[in-house]
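Enquirer: Mind looking over this structure? Questions follow.
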C-alpha cells in the first residue's frame with residue numbers, strides 16, 4: 001500500500017507566516033520583502049491545485065514524486081523562516097535591554113547584521129528557484145482548484161480501557177460463555193492451564209477477553225486477576241515488571257531479573273489466579289523460551305489460568321495447553337455474522353431510532369457492512385466516519401471506493417481503515433501519522449501529543465487569539481470520535497486524556513508516514529535522509545552517543561524516548577545538539593543526567609522540551 005504525501009497544512013502555515021503583519025515588519029528590517037513576496041505568490045499558485053494533487057497521487061506516481069519534492073522544499077523553507085524569526089526576536093530582546101549597551105552594541109554590530117542578511121538572502125533565493133521549478137512542473141498535471149471542506153467528527157461517549165461496557169460488544173455472547181466455561185474448568189492435577197484466543201487482527205479478541213475478565217463469575221472463581229499487554233516482543237523482564245505492576249500498582253524498572261522473578265513469584269504464591277496476556281503475536285515465542293518462563297508462573301494453586309490473545313496460530317500451538325481438536329489451534333473466533341455487523345454499524349452511525357428516517361442510507365450501509373468481512377474494527381471505523389454525514393452521495397462514495405479491491409493479507413491493513421483515513425481532512429492526517437513514532441500499545445497523554453503537534457506547527461488557528469492547546473484538543477477529539485484511537489480515559493475532568501492506538505491503526509499510521517517517521521532499534525538500521533522524527537526504544541542504540549547510521553539525517557525535527565527503560569545520556573544529548581540543529585521536539589523525560597547541557601541553547605528551533 002503506497003504511502004501518501006500531504007503538503008497542504010505546511011503550505012498553509014508558510015503562507016500564514018508570510019501574510020502576517022509582524023513578519024512583514026521583519027522582512028523590511030532585513031530588506032528581503034520583495035524576495036519573500038515573490039516566494040509567497042509562487043506558493044499561492046501551487047496551493048490552488050494541492051487538494052487535487054493529493055487526491056490524484058494514488059493513481060499517478062509522478063504526482064506523488066512531485067508532492068514529495070514540494071514537501072522537502074516546504075520543510076526547508078520552514079527552517080529558513082524559523083531562523084529568520086529567531087534572529088529577529090533575539091535582536092528585539094537585546095535591544096530592549098537598554099541597561100547593557102556594550103552587549104547590545106556587539107550583538108547588533110553592522111558586520112554581523114550584514115553577514116546574516118547576506119546568508120538569509122542567499123537561502124531565500126535558493127528556495128525561490130526550487131519553488132519556481134516545482135510550479136513549472138505543476139502545469140503539466142493540470143490540477144483543478146478544490147477547496148477542502150472541514151467537517152469535524154462529532155465526539156461521543158466512549159468506553160474506557162479500565163473496564164468494558166457489555167452492551168457495546170455485539171455478537172460475542174456465545175464466545176464469552178465458551179471461554180468462561182474453559183476458565184472455570186479446574187482439573188485437580190493441573191497447576192496452570194493456558195487458553196489461547198486466536199483470530200485475525202480487528203476481530204475483537206481483546207474485547208472478548210475484557211468481557212470475560214470483568215464477568216462476575218470470574219471474580220468469584222479466582223483470588224487474583226492480572227492483565228498485561230505483551231505486543232511486539234516477548235521479553236521476560238518486561239513481562240515480569242508488568243505482572244507485578246498489575247498486581248501491586250508498583251513498577252520496578254530498577255530491579256534485576258533475579259529480583260523480579262522473586263517478587264513476581266511472591267505475588268502469585270498460594271493464589272488461584274487468572275493472568276490475561278493480551279496481544280502476544282511475536283512468532284519468536286518458541287517452546288523452550290515459553291516453558292522456561294512458564295515455570296516461574298507455577299507458584300499459584302491448581303486451577304490457575306492464563307488467557308492469551310493472539311493473531312498467530314504458532315503462538316497458540318507453543319503456549320496453549322488445550323486438548324483435542326483445539327490443542328494446536330486454541331479457541332478460534334470468527335468474523336461476526338452479517339446481522340450482528342449491521343447492528344453494530346447502525347449503532348455507530350445513527351442515534352437511537354434515527355435510522356428509520358433514512359431508509360436509503362440504511363440500504364447503502366448494508367452494502368458497506370458486507371464488504372467489511374465480519375471484522376468489528378472495520379465496521380466501527382466506517383460507522384464513525386459516516387456518523388456526522390447524512391449525504392447519500394458520501395455514503396455511495398464509500399461503498400464504491402476502489403480501495404475495497406485491495407488484497408487483504410492476514411495481518412495487513414484493512415481497506416476499511418485506509419478508506420476512513422482517506423476521508424480525513426489533511427490537517428488531521430498529518431496529526432494521526434505523527435503518532436506512528438510510538439510503540440504498539442503505548443499509552444498516549446493528550447498533554448504530550450498536543451505539545452508535539454504544536455512543536456511541529458500542525459495546529460492551525462482560525463480565530464483570533466484562539467489557544468493552540470484548545471485547537472489540539474479539538475483535533476484529538478475528532479480522531480477519537482473517528483475510532484483512530486481507543487481506550488480513551490479522562491483525567492482531571494477533560495483536562496488531560498489518555499488513549500491508545502489499535503495495532504492495525506498503528507500499522508496504518510506507520511505505512512502512511514513512509515520514511516518521515518522511524519523507530520530505531522536493533523532491527524532497524526535503515527533511516528533515510530528524509531526522516532524527520534525518530535524514537536529510540538533500545539538502550540544499547542544510544543550507549544555510545546548517536547549511532548553512525550544517522551549521520552545523514554541532519555534535518556531531524558524530533559527525538560523521543562517512549563520507553564521508560566531507555567534513558568538519554570548526557571553524551572547522547574550533546575551529540576544530538578551538534579548533529580541536529582533543526583530539532584523542534586526533544587523528549588528527555590527519562591534522561592539519566594542531572595545537568596542539562598549548556599549547548600541546548602544553540603537549538604534555535606526547539607519548541608518542545610520534556611524534562
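The values are calculated or read from the model by the stated rules, or taken from the named source; none is laboratory data. The shown structure was predicted, so the numbers you read here are calculated from the model rather than taken from an experiment. Quick reminder, even Gly has a Cβ in these numbers, built from the backbone with ideal geometry, and neighbours come from all protein chains shown.
Enquirer: Residue by residue through the range 95-117, note down the ones that are surrounded by 11 or more Cβ atoms within 10 Å (Cβ to Cβ) and either in a helix (DSSP H, G or I) or modelled with pLDDT of 85 or more (or both).
Expert: Scanning the range 95-117 gives 95, 103, 104, 106, 107, 112, 113, 115, 116, 117.
Enquirer: If I ask for residues that are in contact with a helix residue (DSSP H, G or I) (Cβ under 7 Å, 6 or more places away or on another chain), assigned to a helix (DSSP H, G or I) and more than 19 Å from residue 423 (Cβ to Cβ), which ones from the range 362-382 would you list?
Expert: 362, 366, 370, 376
Enquirer: Given (1) at pLDDT 85 or above; (2) farther than 15 Å from residue 517 by Cα, where does residue 465 come up short, assuming only one miss?
Expert: Condition not satisfied by residue 465: (1).
Enquirer: Does residue 596 fit the bill of being within 17 Å of residue 547 (Cα to Cα) and in contact with a strand residue (DSSP E or B) (Cβ under 9 Å, 6 or more places away or on another chain)?
Expert: Against the criterion (within 17 Å of residue 547 (Cα to Cα) and in contact with a strand residue (DSSP E or B) (Cβ under 9 Å, 6 or more places away or on another chain)), residue 596 does not qualify.
Enquirer: Follow-up. Across the range 19-40, what is the number of residues that are under 27 Å from residue 532 (Cα atoms) and either at pLDDT 80 or above or touching a strand residue (DSSP E or B) at 6+ places or on another chain (Cβ under 7 Å) (or both)?
Expert: 3
Enquirer: Now a separate question. For residue 293, are the conditions met, namely being more than 23 Å from residue 214 (Cα to Cα) and touching a strand residue (DSSP E or B) at 6+ places or on another chain (Cβ under 9 Å)?
Expert: No, not satisfied.
Enquirer: Would you point out the residue of the range 145-179, among those that are at pLDDT 65 or above and more than 28 Å from residue 346 (Cβ to Cβ), that is surrounded by the most Cβ atoms within 10 Å (Cβ to Cβ)?
Expert: Filtering the range 145-179 for residues that are at pLDDT 65 or above and more than 28 Å from residue 346 (Cβ to Cβ), the one surrounded by the most Cβ atoms within 10 Å (Cβ to Cβ) comes out as 146.
Enquirer: Another question, then. Is it fair to say residue 197 is farther than 14 Å from residue 300 by Cα, in contact (Cβ under 8 Å) with a residue 40 or more places away in the chain and in a helix (DSSP H, G or I)?
Expert: Considered against the rule, which asks whether it is farther than 14 Å from residue 300 by Cα, in contact (Cβ under 8 Å) with a residue 40 or more places away in the chain and in a helix (DSSP H, G or I), residue 197 comes out as no.
Enquirer: So which residues in the range 313-346 are farther than 19 Å from residue 373 by Cα, within 30 Å of the chain's Cα centre (by Cα) and surrounded by fewer than 20 Cβ atoms within 10 Å (Cβ to Cβ)?
Expert: Selection gives 313, 314.
Enquirer: If you check residue 361 against the conditions, is it farther than 25 Å from residue 211 by Cα, buried (at least 20 other Cβ atoms within 10 Å of the Cβ), modelled with pLDDT of 90 or more and in the same structural domain as residue 388 (by TED's automatic domain parsing)?
Expert: Judged against the criteria, residue 361 is a match.
Enquirer: I'm told residue 455 meets every condition in (1) in contact with a strand residue (DSSP E or B) (Cβ under 9 Å, 6 or more places away or on another chain); (2) surrounded by fewer than 22 Cβ atoms within 10 Å (Cβ to Cβ); (3) closer than 27 Å to residue 201 by Cα except one. Can you identify the failing condition by its number?
Expert: Every listed condition holds for residue 455 apart from (3).
Enquirer: Any residue at all in the range 314-322 that's over 25 Å from residue 178 (Cβ atoms), in contact (Cβ under 8 Å) with a residue 12 or more places away in the chain and either out of contact with any strand residue (DSSP E or B) (no Cβ under 8 Å at 6 or more places or on another chain) or assigned by TED's automatic domain parsing to the domain that holds residue 197 (or both)?
Expert: No, the range 314-322 contains no residue that is over 25 Å from residue 178 (Cβ atoms), in contact (Cβ under 8 Å) with a residue 12 or more places away in the chain and either out of contact with any strand residue (DSSP E or B) (no Cβ under 8 Å at 6 or more places or on another chain) or assigned by TED's automatic domain parsing to the domain that holds residue 197 (or both).
Enquirer: Another one. Kindly indicate whether any position in the range 183-191 is in contact with a strand residue (DSSP E or B) (Cβ under 7 Å, 6 or more places away or on another chain) and at pLDDT 90 or above.
Expert: The answer is yes; a qualifying residue exists.
Enquirer: Next question. May I ask you to list pairs of residues, at least six apart or on different chains, whose Cβ atoms are under 6 Å apart, with the first in the range 111-130 being over 17 Å from residue 27 (Cβ atoms) and the second being modelled with pLDDT of 85 or more?
Expert: 130/73
Enquirer: Mind checking which helices (runs of 4 or more DSSP H) fall wholly inside the range 18-90 and carry at least 1 residues that are closer than 30 Å to residue 140 by Cα?
Expert: 33-48, 50-56
Enquirer: I would also like to ask the following. Looking at (1) within 29 Å of the chain's Cα centre (by Cα); (2) surrounded by fewer than 22 Cβ atoms within 10 Å (Cβ to Cβ); (3) in the same structural domain as residue 486 (by TED's automatic domain parsing), find the lone condition where residue 349 falls short.
Expert: Only one criterion is unmet by residue 349, namely (2).
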